[in-house]
Amino acid sequence: MSTIFSTLMDRNLFFAQSNRGVRLELWRGYKNHRSSSCAVQVQGEGTCSGTESDSESSDMCFYRVVVICLLGSLVPSLGAFKACGPEKHCVPYEQCNEGLMVDGKFYPDRSRTTLDENCHYMEKCCNILDTLPNTELPGEMMSCPCGGRHDLWYYLRPLGYKQQEAKFGEFPWLVAVYGADAYLCSGALITPLAVITTAHCVQNSDLAKVRLLAGEWDAAVELEPQAHQQRSVVETLVHPNYTQMPLAHNIAILLVDKDQPFQLAPNVQPICLPPPRMMYNYSQCYVSGWQRSDFGGAAILPKRWTLYVLPPDQCRTKLRLSLLGRRHAHNDSLLCAGGDKGDFVCGDVDMTAVPLMCPLSGHDDRFHLAGLLTRTARCDGPQLLGIYTNVKLYRQWIDLKLRERNLDIRHYMV
């Protein structure tokens, strides 16, 4: 075994020991992966049995291997990197094994040196011998239950990370919808062939020029921890009862070519569409998507904001007291979400569609698509009020349209 790999394994083993919560979460996600075979591939000898009843030492042996596979898979081969100095090349920060050990944790060196200026802002000028090797992801990591996510965002942090910015892979179902020459809105992946968004986002767009980007993160650059996937839209299904005045049934399905589905990956996963009668946790929801006013900047990261969904009676009352007026006829196709005011949802004069995602009841680590932002009803005070398409009411329509086209709906079923 090479010196590079030995150092990498020791450091990541130390990292796993000091972050027990992260390690146990990974164990639940990959418990079907045989640790003994992975250990054989790396160490040349099987020392771990790979069962949940194993001792702490064998459990840890498993994680020193998995973490290596995870981090090593997020970058291209060594030959693809740009040279930035003698025996150095530009690699993503998390790919460089230089750094400090503090309280048992390994921290990548994020300081900028003169040599680093020869690299992209998301890269570090790293010694070739300290670069993590490229490794294929285990098959079990490619897919997980709908609404689940691989915890890549524990490891990947953008420079100057801000709380309102989504981390890489935090919402792997998030899809950027582009028109002929500009960003239109955000949607949510529900199967490898279908994306849900609002009808008002795509109704006037030239279908032949609509593009979907799944796994996107920084829209300003091509360099990302793992590549995004782009597909063309071959069919748009707008709800037949959609109207702008009054606002109702604002939902659409975008379909891609059956011969070119999105490939499930750590940063590309479907979100759940649970049945209407299922219980939800509406107290800790999120909206996430790209903000049109950010385009043209040096970094265009998706924003995230924490919200809660209001009960129907409160929603009706608040909408009548807002700019919609007392004559507003509330219908069940809409729901309200509120929270602290933020420039993400209120920043654009004509806010585009973004998904509203809430945890499944009893499963805080899995999400369902609760709504799609239709408009903001109040942004003039400290509290935000947004109007969303109530997605759960359209589950039957979505099922019907996909089944008519012989598409597998099991991807979004809980």
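The values are calculated or read from the model by the stated rules, or taken from the named source; none is laboratory data. Treat the numbers as computed from the prediction; the structure is a model and nothing was measured. Neighbour counts run over all protein chains shown; Cβ positions are idealised from the backbone, glycine included.
Tabulated results
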item	result
Residue count for region 160-204, restricted to those that are surrounded by 17 or more Cβ atoms within 10 Å (Cβ to Cβ) and either within 14 Å of GLY289 (Cβ to Cβ) or modelled with pLDDT under 90 (or both)	26
Residue in region 215-238 that is among the basic types (Lys, Arg), in contact with an Asp or Glu (Cβ under 9 Å, 6 or more places away or on another chain), part of a strand (DSSP E or B) and not assigned by TED's automatic domain parsing to the domain that holds THR389 present	yes
Residue that is farthest from THR374 (Cα to Cα), among those in region 256-294 that are among the acidic types (Asp, Glu) and not assigned by TED's automatic domain parsing to the domain that holds ARG366	ASP259
Failed item in (1) more than 24 Å from the chain's Cα centre (by Cα); (2) farther than 21 Å from GLU404 by Cα; (3) in contact (Cβ under 8 Å) with a residue 40 or more places away in the chain, with TYR242 passing the rest	(2)
Selection count where residues are at pLDDT below 75, more than 23 Å from PRO145 (Cβ to Cβ) and aromatic (Phe, Trp, Tyr), scope region 273-315	1
Test: residue in region 230-252 that is hydrophobic (A, V, I, L, M, F, W, C) and within 21 Å of GLN291 (Cα to Cα)	yes
Qualifying strands (runs of 3 or more DSSP E) (wholly inside region 316-414; at least 1 residues being at pLDDT below 80)	334-340, 363-378, 383-390
Per-region count, region 366-376, residues farther than 17 Å from HIS411 by Cα and under 18 Å from the mean Cα position of the chain (by Cα)	3
